[in-house]
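The values are calculated or read from the model by the stated rules, or taken from the named source; none is laboratory data. Because the structure is a prediction, the values reported are computed rather than measured. Note: ideal-geometry Cβ built from the backbone for every residue, glycine included; neighbour counts use all protein chains shown.
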Amino acid sequence: MDKRPFDIDLALERIDEAVQPWPKAALFQLAEEGFTATFEQLLACIISIRTYDEVTLPVSRRLFERARTPSAIASLSWEELDGLISPSTFHERKANQILAIAREVAERFGETVPGDRDVLLSFAGVGPKCANLVLGVACGTPVISVDIHVHRVTGRWGYAAATTPEKTLLALEATLPREHWIDINRLLVPFGKHICTGTRPRCSTCPVLDMCRQVGVTEHR
């Protein structure tokens, strides 16, 4: 069957409707609950590394019930902080990183983390994906955060032909309209989890099947 040209505006509009029944990506959900500070989003992003959203959300909420500001986090003992985030993968390492970041922020900036990419990347344990996600969600800065879902889905569409998430980021920065830079992560995380899954994607229920090139798909539902 011939595919229509890929219309990214129409695709994201359809996907926005399709993902309504599914939980939002963790940082976007936390922002809706009022955890909108750059510092809060940064800690939640660190907690989320190699950790399912189903774990990230309750762990982040539990931490923020105890402490939400750099000075409050910095005042926690390592043992207490580690206990609060222990369901998260690599929690011991993350406890070290979070304490170090909280102390540095409190010393350098007071209670507010600047919405600056270079500042975020200067913290140990914070990479480009995390920095971009925090800037987009907390600050509304038009940046693209490419995780495994964004990488996989846009590659399957044939929209971003790239072999790694890092190369996908560059491809999307060159082709994706700027108004979609934040939303691409918000939409494709639940879409990639529940419809365009890693194995045997649910192509029969996909809202953009008429446009998708199904690159690399050998078996689907």
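Points worth noting:
- Among the numbered conditions (1) of a type in the set (A, V, I, L, M); (2) under 26 Å from V189 (Cα atoms); (3) touching a residue at least 24 places away in the same chain (Cβ under 8 Å), the only one that A106 does not meet is (2).
- Residue, farthest from P142 (Cα to Cα), within segment 163-221, restricted to residues that are in a helix (DSSP H, G or I) and among the basic types (K, R): K193
- Unique residue being among the hydrophobic types (A, V, I, L, M, F, W, C) and outside any helix (DSSP H, G or I) when the list is F35, F39: F35
- Residues (polar (S, T, N, Q) and assigned to a helix (DSSP H, G or I)) located in segment 111-154: N132, T154
- Here R50, R14 are screened, and the one residue that is charged (D, E, K, R), over 26 Å from E111 (Cα atoms) and not assigned by TED's automatic domain parsing to the domain that holds L120 is R14.
- Residues (more than 29 Å from L43 (Cα to Cα) and part of a helix (DSSP H, G or I)) located in segment 1-30: I8, D9, L10, A11, E13, R14, E17, A18
- Filtered residues of segment 91-127 (kept if exposed (fewer than 13 other Cβ atoms within 10 Å of the Cβ) and among the hydrophobic types (A, V, I, L, M, F, W, C)): A124
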